[in-house]
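Inspection log for the structure reproduced underneath, given as structure tokens.
No lab work stands behind these numbers, since they all come straight from the coordinates. Bear in mind that the values here come from a model prediction, so they are computed numbers and not experimental data. Glycine gets a Cβ as well: all are built from the backbone with ideal geometry, and neighbour counts include every protein chain shown.
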């Protein structure tokens, strides 16, 4: 049967001179004889027994051997742990990877922003310039009629226009009456006096000598509103317009 093999002692296999020296000192350490006897005498005195130097020395030596063996084992364990830690630290140091410093070109390429492409535009995409004369030309001011259309007439305005047209017609001012009626048409939509305004227009045209136009408007009115309260009056105006047209050479 093959005998078991044991690993070499730490003092024999270690390459650290300091560890070997520490183990040798611990192994060869032995206290002085007189110091050991005094210590054993004090120990026996505390127990109250008779002191026997010879026996005490033998017991002390055996106890010292046990203590020395324990001390040597402890020293060997501490030294082995320190050696293994030192060896692992030394071995791991060279293998640790160190990031290579970035070169100057790499730093510059990272810091420099990407060039921005200049936006190009074709000639036909350029906006058309407004002529200076067009910019300096005065803008046309809105006329009275346009400003009037922008403001819808209230009922009071409608009534005032109708009264003004009726007054002009009663005084024989057919042109003034038609002017007021035109203003009414521009400002009023679906007014309360819409039918009365249509009848006054027929009368004003007939008074100004426009019989054909007065007759056409009268016939259109009768077609739209044959049952209107103004229907009989409009029929008489249409008859007058027809007679006036016949009498005109």
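Just a few scattered comments:
- Subset of segment 221-230 that is touching a helix residue (DSSP H, G or I) at 6+ places or on another chain (Cβ under 7 Å) and part of a loop (DSSP other than H, G, I, E, B) - its residue that is nearest to residue 205 (Cα to Cα): 230
- Out of 215, 233, 186, 195, sole residue that is touching a residue at least 40 places away in the same chain (Cβ under 8 Å) and either in a helix (DSSP H, G or I) or under 29 Å from residue 152 (Cβ atoms) (or both): 186
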